[in-house]
Amino acid sequence: MIPKKIGVFDSGAGGISVLKNLIESKNFEEIIYYGDTARVPYGIKSKEIIKQYSLEALDFFAPFNLDLLIVACNTVSAYGLNAMQAVAPYPVIGVIEPGILALQNAIQDKNARILILGTKATICSNLYSKLLNAKGYLNTFGLATSLFVPIVEEGIFSGAILDSTIAHYFKQYPSTPDAIILGCTHFPLLADSIANFYPNNPLLIHSGEAIMEYLRNFYTLQNFNTKPKISFCASDSVENLEKIANLWLI
Ligand code: DGL
């Protein structure tokens, strides 16, 4: 199966950071983006509710006859993905496994120091660490950096507020990691400020890049030489979603 018509699901607008890579690849004919903007954020909710909302997203996508669904949200990838995969009539791919494969491809040293950033829920799931540990990377540290989400939603991508928030969180991990997993849709927008905190340019793992690497490895993709048709859909105002898309997709 060559995926041409795909869905992208996120708890809100953050998944646009992943959508950007999918659009730029020109490997898809049509993308339907659905953000559960009425109920975002998921990252501070319980695993039961996250799982329930994740399954409800499949109801939204049911009429579209998708070839494939990408879960851009790390929090859903941590708690809802297995349940979605068990019932969806098409493949459902989360961002955690691709992120880990991207890290493995980039860093072979099993002693590498890996800092995992995410929402409270993603970090509490411990899934990134568990999967990395299973592959022999034992030097992992999960850090919930929840305030990064509203900061990005405020359109703040650099400056004093961000720098002091980064300093507040990163004092828990003072020495430079070899890699930082940006385990949340919003964090790639803060990549420069996050990387600048540490002196030696740690490798940053970005879900959008990781998912494209994963799709190129495991699927046959068609080259369309043109950007896909995109439909934005939301459980609350789609205008807000489109406004963010206009800002982030430049
Ligand atoms: N999309 C979420 C994630 O990647 C961040 C926003 C939220 O908490 O819902 O984990």
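At-a-glance table
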{"read-out": "Thr185 under 28 Å from Ala121 (Cα atoms), in contact with a Phe, Trp or Tyr (Cβ under 8 Å, 6 or more places away or on another chain) and not in a helix (DSSP H, G or I)", "value": "no"}
{"read-out": "Long-range neighbours under 7 Å by Cβ, at least six apart or interchain, first residue over 25 Å from Phe28 (Cα atoms) and touching a residue at least 40 places away in the same chain (Cβ under 8 Å) within region 64-87, second charged (D, E, K, R) and surrounded by fewer than 24 Cβ atoms within 10 Å (Cβ to Cβ)", "value": "Tyr79/Lys47; Tyr79/Lys51"}
{"read-out": "Residues that are open to solvent by 30 Å² or more (accessible area, probe 1.4 Å) and under 22 Å from the mean Cα position of the chain (by Cα), drawn from region 167-176", "value": "none"}
{"read-out": "Residues that are at pLDDT below 95 and open to solvent by 30 Å² or more (accessible area, probe 1.4 Å), drawn from region 177-196", "value": "Leu189, Asp192, Asn196"}
{"read-out": "Candidate set from region 106-147 (those that are more than 16 Å from the ligand (Cβ to nearest atom) and among the polar types (S, T, N, Q)); member that is farthest from Gln172 (Cα to Cα)", "value": "Gln108"}
{"read-out": "Failed condition for Tyr90, given (1) in a loop (DSSP other than H, G, I, E, B); (2) open to solvent by less than 10 Å² (accessible area, probe 1.4 Å)", "value": "(2)"}
{"read-out": "Sole exception among (1) loosely packed, with under 15 Cβ neighbours inside 10 Å; (2) in a loop (DSSP other than H, G, I, E, B) for Ser164, by number", "value": "(2)"}
{"read-out": "Criterion (in contact (Cβ under 8 Å) with a residue 24 or more places away in the chain and more than 15 Å from the ligand (Cβ to nearest atom)) met by exactly one of Ser164, Ser158", "value": "Ser158"}
{"read-out": "Filtered residue count, region 1-37, keeping only those that are over 20 Å from Gly183 (Cα atoms) and either in a helix (DSSP H, G or I) or within 12 Å of the ligand (Cβ to nearest atom) (or both)", "value": "3"}
{"read-out": "Verdict on Lys51 being basic (Lys, Arg), within 16 Å of the ligand (Cβ to nearest atom) and open to solvent by 10 Å² or more (accessible area, probe 1.4 Å)", "value": "yes"}
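The values are calculated or read from the model by the stated rules, or taken from the named source; none is laboratory data. Worth saying up front: this structure is predicted, and the values here are computed from it rather than measured. Counting neighbours? That spans all protein chains shown, and the Cβs are built from the backbone with ideal geometry, glycine included. Surface accessibility is based on the protein's heavy atoms, side chains included, excluding ligands, DNA and RNA. Shrake-Rupley method; radii C 1.70, N 1.55, O 1.52, S 1.80 Å.
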